[in-house]
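Visitor: I'd like to ask some things about the structure below.
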Amino acid sequence: MEAYTGFAEVYDLFMEDVPYEEWNAFLIKTLQAHGITEGLICELGCGTGKMTRLLAQSGYDMIGIDVSEEMLSVAREYDSHGILYLAQDMREFELYGTVKAVVSVCDSMNYLTQEADLERVFCLVNNYLDPGGILIFDLNTEYKFRELMGTQTFAEHRAQGSLIWDNYYDEENKLNEYALTIFLRQTSGLYRKYEEVHYERCYAPHDVIRLLEQAGMEFVGACDGEDHGPVREDSERIYIVAKQKGAKKQYKETV
């Protein structure tokens, strides 16, 4: 799960086109539809805290969890809302009490490459949600992995640095691999090179629903990540909403 080390320094720079404000509007609308207009919310895979801060600005008390100390270091630099940031693996996260909702965006759940890990996270979420609390998360779809990312190379250049992204999607195993090569400009004028390899798993919606139910949660609905209508065959990103059912389930390791 370790990732976003060198990339953390320029993550927001290369993610400047990500529609965080639109995502925030959808999250708030969904939260309000379930009667959650204030209170404590936890974001899993919060990264540099862009979404965490937007939700805090909207009046929610936020906890941000991420496995990358480097990403959280950037998040804390920008925090002016008293957000609690915790350096934890989402597969083993611990909170001091329950929360009204858990959110996770920017395909953080795709980073869980084993079904058992995804179910484990759902179990933990269910246990830390208030009765009737909700989980909102997004997923990259197979259409995006196969048709838009596939086996391709992407490159971007900024004044502060350059990024080369070599992508490969293993359709048989539903596993997407992308190797990042980052060149960061130093004060000396020279460039420092970082290399990282990331993996994401493609999950079919019916498998996600099955894992949610196995974790004791109730599937509420899914929608297209852009227009928020029904999920289509060419949806690139989808949102899934699930609800805490009241029963807490102890996760058991499987061999």
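Read-outs: derived from the displayed coordinates by stated rules, not from any lab. These figures come from a predicted structure and were not determined experimentally. With ideal geometry, Cβ positions are generated from the backbone for all residues, glycine too; neighbour counts draw on all protein chains shown.
Visitor: May I ask you to compute the full-extension gain from Ser80 to Gln160, defined as 0.36 nm times their residue separation minus their alpha-carbon distance, rounded to one decimal in nm? Walk me through the intermediate numbers first.
Guide: Values: separation 80, 0.36 × 80 = 28.80 nm, distance 2.51 nm.
The Ser80-Gln160 span can extend by a further 26.3 nm.
Visitor: For Glu233 and Tyr191, compute 0.36 nm times the residue count separating them, minus their Cα-Cα distance, and round to one decimal in nm. Show your work: numbers first, answer last.
Guide: Values: separation 42, 0.36 × 42 = 15.12 nm, distance 4.22 nm.
Stretched fully, the Glu233-Tyr191 segment lengthens by 10.9 nm.
Visitor: State which entries of Lys29/Lys50; Lys50/Lys144; Lys50/Lys243; Lys29/Lys193; Lys29/Lys144 exceed 30 angstrom in Cα-Cα distance in the structure shown. Provide the component values of the computation, followed by the final result.
Guide: Values: Lys29/Lys50 18 Å; Lys50/Lys144 23 Å; Lys50/Lys243 25 Å; Lys29/Lys193 41 Å; Lys29/Lys144 25 Å.
Beyond 30 Å: Lys29/Lys193.
Visitor: Would you list, by chain and number, the aspartates and glutamates whose Cα falls below 17 Å from the Cα of Lys100, excluding same-chain residues fewer than 8 positions away?
Guide: Glu38, Glu43, Asp61, Asp130, Glu218
Visitor: A further question on this structure: Sorted by packing (mean other beta-carbon atoms within 10 Å per residue), highest first, where do 43-56, 188-201, 79-92 land? Before the final figure, lay out each step's value.
Guide: On the way: 43-56: 24.1, 188-201: 13.4, 79-92: 15.3.
Order by mean packing, descending: 43-56, 79-92, 188-201.
Visitor: Using the Karplus curve 6.51 cos²θ - 1.76 cosθ + 1.60 with θ = phi - 60°, what ³J(HN,Hα) values do you get for each residue of the stretch 70-86, in whole Hz, with x for Gly and Pro?
Guide: 5, 5, 5, 4, 5, 4, 5, 4, 9, 7, 10, 10, x, 6, 8, 9, 10
Visitor: I've got another one for you. Using the crude model of +1 on Lys and Arg Cβ and -1 on Asp and Glu Cβ, and no other charge, please compute the dipole size for the stretch 144-201 relative to its Cα centre, in debye to 20.
Guide: 380
Visitor: Is there a quick way to get the dipole size of the chain? I mean about its Cα centre, with the Cβ of Lys and Arg at +1 and of Asp and Glu at -1; what is the value in debye to the nearest 20? It would help to have the intermediate numbers written out before the result.
Guide: Numbers: 23 positive and 45 negative charges, 135 e Å.
In debye, rounded to 20, the chain gives about 660.
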